[in-house]
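Scroll down for the structure; my scribbles are underneath it.
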Amino acid sequence: MTFDSAAVKRLRQSPGARYFTASLAALAIDYVVTLALYYFAHLDLSVSAAIAFIAVGAVFYLVHEFWTFRQESSRFSTRRMAANMGVLILSGAVRVGVIAALEWARAPAGIWVSLYFAAGVGASFSTNYLLNRYFVFRR
């Protein structure tokens with residue numbers, strides 16, 4: 001299978017494609033940290049997810065600033081960092097709320113741990129992208 005170089009270039013130039021790629025990397029790290037906190041620190045799944053989400057999200061502000069939503073004028077911005085943290089708190093609350101509601105309905109065990117995490121991720125991913133794309137990184 002070969003990739004058309006023009007198609008690859010268009011993907012690299014697309015903020016949505018870059019956001020998706022960066023988010024997959026962040027998600028992998030987020031998932032590992034969440035499971036480590038849940039299984040080894042014996043925290044509730046919703047608490048583990050909250051800690052991992054905020055820690056990984058704070059680091060990924062730099063990825064978004066200099067790669068995902070980059071422009072010629074990209075530079076560290078205290079305002080965008082603060083706005084990004086606000087978005088993280090809001091989308092993190094969405095994630096934790098979904099997971100906590102699912103935990104309340106049925107205690108997570110086995111595959112349910114990953115399914116609850118996936119449900120929370122879906123909700124927070126959408127919230128995070130829309131707010132970052134149209135409010136934080138609009139220029």
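Read-outs: derived from the displayed coordinates by stated rules, not from any lab. All figures in this text were calculated on a predicted structure; none of them were measured in a lab. Virtual Cβ from ideal backbone geometry, glycine too; neighbours counted across all protein chains shown.
Placing unit charges on the Cβ atoms of the charged side chains and taking the dipole of the chain about its Cα centre, the candidate lying farthest along the positive direction among Leu131, Phe69, Ala26 is Phe69. A Förster distance of 35 Å, applied to the separation of the beta-carbon atoms of His42 and Ser73, puts the FRET efficiency at 0.15. The angle separating the long axis of helix 111-131 from the principal Cα axis of greatest extent in the chain is about 40 degrees.
Extension gain for Val59 to Lys9 (0.36 nm times residue separation, less C-alpha to C-alpha distance): 15.4 nm.
Between the residues Val94, Ala109, Leu35, the greatest Cα displacement towards the positive end of the dipole of the chain, with unit charges on the Cβ of Lys, Arg, Asp and Glu, is found for Val94. Charges were assigned to the Cβ only: +1 to each Lys and Arg, -1 to each Asp and Glu. The resulting dipole of the chain about its Cα centre is roughly 660 debye.
Here the range 64-87 and the range 27-58 have alpha carbon centers that stand 24 Å from each other. For the chain, the C-alpha radius of gyration divided by 2.2 N^0.38 Å, with N the number of residues, is 1.14.
For the pair Ser126 and Leu24 in one chain, pulling the backbone fully straight at 0.36 nm per residue adds 35.4 nm over the alpha carbon distance.
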